[in-house]
Each structure stands twice: as structure tokens, then as C-alpha cells.
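Comments concern the structure below.
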Amino acid sequence: MQSDPMDWVAVAALPRVGATAFLRLLENGWSPHRIVRASEDEWQWLGLNLLARQNLQALKQGRGPLKEIQLNVRDWLKQPDTHLLTLDSDHYPALLKTIADPPPLLYVRGALDQLHLPQIAMVGSRSASRAGVQHASEFSAALTRAGFIVTSGMAHGIDGAAHQAAVNLNCPTIAVFGTGPDVLYPARHRILASQILETGGAWVSELPPGTSPLGHNFPRRNRIISGLSAGVLVVEAAPRSGSLITARQALEQGREVFALPGALNNPLSQGCHKLIREGGQLVSSVDHILEQLAPMLGAYAVEDAPAVEPTVLPELSTQENNLLQALGFEHVSMDQLVALTGISVADLNVLLISLELKGVLENSGDGYCRI
């Protein structure tokens, strides 16, 4: 019998039936159609809890929370460019299907074809430094020009910079939500989200419409970001961050993992350094990524990826240049700068503000770092 997507919606929404349990049911011949129409005894034999059984019984009577979710999905599907992909659909991304716990359902808004093109994930800190945002933008632009679809989670910081760089080139990018496909989060990225659709990209979620931003959904979301992609690039990450979760999931999924190194005393570099120690590949140019992933591009390659251009310094005074050299590329506190240069705090403040306005250093709150 033909698969009914609404049966998949109902089973995916059952309490304590996650992606792994759903896949196990499928492998044992229990299709969503069969589960929804089974008897109370069969639901108990399957190990469904009382609440799940009650929800299914209510659904048979045309009421209850599962029916409400189905109605919400039907309403969402009436909007332009919306798609509901089940795990048995021909349009389901083949690479994502190979992970241990592929989402049973994908809610997609936008260009469906982009899910089947070569993707690279870019992730990193939400509280990214100015240098981190710049690196994310430059790498995303170069990888996009090379023919990759850049995939990320539309969070603040590195994610947003990666998406924006692709959008600025009028090229597609894929945003994987940790909310329902109709809930734009963070709200600050509403314009970016619209631009993603306007430039031929897509929004992706495994969660039904109306799902609000709950903390436990975002780590689960990360496996989709890595699962869709041939590799993951971590730009900045603290020692404990969601970006490292994504990277570890990527390693478990057999994906290539890349990390940008940074200053030894920069907290946002520690996660990347830890990742490199654990098997991630150190990256200092786009070429390092393309050496590993370019063969999969084939006919999709648009052009050779340009090297990331070095930043051209603005014109600096002698004092500013001397201070910049003393600063180096490490994170330095004001007390350390006074000791290094012998310049008073008052005079240093004037020079530091000038250098910050010229975009060559960043005030991180407890010190300064050269960009």
C-alpha cells in the first residue's frame, strides 16, 4: 500500500519514539501505516508507552494531539515551495540516509534539488570574534565559488556569516533548523532566512511546524547538518560547544572534519585545537579542504576556488604600527601591553581605539587580539 506521509507524521510525533526507534520499527516490518492501524495489544507488544498508545487511539477517533499535528502539517504544506520528505521518498537526501539515525521526516522549504548537491557544513561559535566571522565569510565564499553548497544552522556568529557569504554571491545555501520549519530562530536572522530562499537555498527541519526553540533539539539538529555534508569545517569553538558535537558526529558518520587553528590563549581556539588532536584536519587555506573533497564535485564545480585573499592593512602611523607589532597574534591584556610597550594606559587607549576603528584588532572584553 502506498505510504501516507501523515502516518509518518503521527508516528514521528509519538512520545519516546525517536529516530533510532523509528528506524528499528521500519527494519522489523512495522511501517507507519501498519503502526497507526494496529491494535492495542500490538502497540503494547511493540513496547509503546501508555501515552503513545492513548495518542494513537485518539488519532483513530479523529482527535487528540497527533491529529492536531497532522492538521498543522497540512496547513504548512499549503504554503509555496514546501515539501515533506519521508525516509522512503525518492527525494530524501541519499547521504543523510546513510547515518545511523536519519530523521524519519524532513520538512523542507525552498529548492529541494539543493539537498542532492555536494555540501560542506560550516559551524562555530555563536559568540565569534571579528576574525572568526571574517574567516567564516571568506571560506564560505571560496567554497561556494568552487561548487559546494554551504550548510549550517543559521545561529548567530559563524553560522550566520557562512550563510551570508553565500547569499551575497547570489548562491544557494542550506539552513538546518532546530525548530519547526515555520519558526525562524534567532529572530535577528529573519532577513537572512528570507534571503536564503530568494537565492535558491532551502530551510530544513525534522521537527513539525510550530515547534519552538527548545534546547534539547539543537544537538539533535547537528547530526543533520553533518549528515547532509561531505565534510565539516569548524571555524571557532570553545572547549565545550555544540560545534564540537557536530564535528564528533561527523567523524562517527565517516565525514571529513576540518578545523581552523588559532592563538593558543584564545578560548575560541581551544575547541578547534582539541578537535585537531582528536583526528580533525588542520586547515589554513581552502586548498586543504578541496584536496580532500574536490573529487566529489565533478561536473558541479563552477570555477576553481580562489585562494582566500590576505587582508590588506590600512595606512597606520608609526606608533600604531609599532603597537600592532607588539600585539602580535596572541590575546594580550592591557597590563601586558603596558609592560610590553612602556606606553601609558591613557595613550594606549587612544591607539587601541584607532586600530579597532581601522579593523585590525578586536577588543574581546578582557584584552585585545590582532585580526
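The values are calculated or read from the model by the stated rules, or taken from the named source; none is laboratory data. Predicted model only: the values in this text are computed from it and were never measured. Every residue, glycine as well, gets a Cβ built from its backbone with ideal geometry; the counts of neighbours run over all protein chains shown. To get the accessible areas, we keep the full protein, side chains included, count just its heavy atoms, and leave off ligands, DNA and RNA. Shrake-Rupley method; radii C 1.70, N 1.55, O 1.52, S 1.80 Å.
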inquiry  = Given the criterion under 30 Å from residue 289 (Cα atoms), of a type outside the set (Val, Ile, Thr) and crowded, with 18+ Cβ neighbours inside 10 Å, identify the matching residue among 127, 140.
reply    = 140
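Got a sec? Which of 243, 229 is part of a loop (DSSP other than H, G, I, E, B), surrounded by 20 or more Cβ atoms within 10 Å (Cβ to Cβ) and within 13 Å of the chain's Cα centre (by Cα)?
229
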remark   = Log entry, pairs with first residue in segment 75-89 being over 14 Å from residue 111 (Cα atoms), second being open to solvent by 70 Å² or more (accessible area, probe 1.4 Å) and part of a loop (DSSP other than H, G, I, E, B), beta carbons closer than 9 Å, six or more apart or on different chains, reads 76/182
query = Give me the pairs: first residue in segment 108-130 and in contact (Cβ under 8 Å) with a residue 60 or more places away in the chain and charged (D, E, K, R), second residue part of a strand (DSSP E or B) and open to solvent by 10 Å² or more (accessible area, probe 1.4 Å), beta-carbon distance under 6 Å, and six or more apart or on different chains, which are they?
reply = 109/82; 109/203; 130/362
